[in-house]
Amino acid sequence: MPHLPDVVLWSVPAFVVLTVVEMVSYRLRPDEDAAGYEAKDAATSVGMGLGSLVFDALWKIPIVAVYSAVYTLTPLRVPVLWWTLPLMLLVQDFFYYWSHRGHHVIRVLWACHVVHHSSEKFNFTTALRQPWTTWTVWPFYLPMIALGVHPAAVAFCSGANLVYQFWVHTERVGKLPRPFEYVLNTPSHHRVHHASQGGYLDRNFGGILIVWDRMFGSFVPETERPVYGLTKNIHTFNPLRVATHEYAAIARDVRAAGSWSERAGRVFRGPGWQPAGSVAGKAPEKAADRTGAPGAAEPTGATKKSTGVKKEPVA
């Protein structure tokens, strides 16, 4: 097994220092238009991050078992060398893009990821607001294992991707020089991703690189100041509700559904999906430009965020 460092653990001191610096910067140079910090919100984000460490350790047991089985069965092997590791990071970032996009456009996956979008603030503590139900993420990286990448190398790449994304959760950094903005995920690009405005919904899914969004039609530049959170915010700092509120909403919708096709739609269609003709007699709208899947028409009575699904109030 390759011996690779736990980059997330090693980065914790940097997370703490940068967060303190950002907090002090708001004290010394306040910005009335910026979301800034709120004590309860920041505490909730940190609590969600600590909780995710506990739950991720539990989910890791079955995930490692599956990964190990696939790695044992595949005849392929990719050695961990100085020149293969950057390639692994590139491939992992590609699959991260599709995992992230999938967690925005499939409601049962959004129920996991909505946690990260639940804060109405945008600062370094927002990066720590992680879900407790990450069992929906691991299937996206199975192709890497099947191609012969060791599970430990996949874990290292995922950790490096997560560490990189910490610094893009800030309003204190403006736009960077054009070459960086064109290739990398930056604070400007990620502010768009966390915004609740209609034109910004479900855009800029990249982890380290923004080129995937440019290639697959999900990129939008920052042109107006974002409004953060969900389109229907839940206004709660209860960690348990933050972690589970969308699962509860799915359960309510499934119970109230009138057919099996509607039940399936409430779980597997996009957040905000409504069965045809269910919205006060209005014809269903097309979900293109609202779901992050341009040109994909779905019956929907409202956007994901405005239905309490995608960018809903988080509790």
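In the range 139-159, the residues that are within 20 Å of W82 (Cβ to Cβ) reach residues that are among the basic types (K, R) and assigned to a helix (DSSP H, G or I) with C-beta atoms within less than 9 angstrom, at least six apart or across chains, in these pairs: A155/K60. Summed over the range 257-274, the residues that are under 13 Å from L109 (Cβ atoms) and among the aliphatic types (A, V, I, L, M) give a count of 1. Can you say whether F180 is in a loop (DSSP other than H, G, I, E, B), open to solvent by 10 Å² or more (accessible area, probe 1.4 Å), within 23 Å of F94 (Cα to Cα) and without any contact (Cβ under 8 Å) to a residue 60 or more places away in the chain, as far as the supplied structure shows? No.
Only one of the numbered conditions (1) within 22 Å of the chain's Cα centre (by Cα); (2) more than 16 Å from P239 (Cβ to Cβ) is not met by V115, and that is (2). Step by step: first the residues of the range 1-34, then only those that are of a type in the set (A, V, I, L, M, F, W, C) and assigned to a loop (DSSP other than H, G, I, E, B), then the one that is least open to solvent (accessible area, probe 1.4 Å). Which residue is that? Looking at residues that are of a type in the set (A, V, I, L, M, F, W, C) and assigned to a loop (DSSP other than H, G, I, E, B), I get A34.
Scanning the range 208-227 for residues that are under 19 Å from V91 (Cα atoms), open to solvent by 80 Å² or more (accessible area, probe 1.4 Å) and of a type in the set (S, T, N, Q) returns no hits.
The values are calculated or read from the model by the stated rules, or taken from the named source; none is laboratory data. It should be emphasised that the depicted structure is a prediction, and the values quoted were computed from it without experimental measurement. Don't worry about glycine lacking a Cβ; one is built from the backbone with ideal geometry, like all the others, and counts go over all protein chains shown. The protein model used for the area step is the full one, side chains on, heavy atoms only, and it has no ligands, DNA or RNA in it. Shrake-Rupley method; radii C 1.70, N 1.55, O 1.52, S 1.80 Å.
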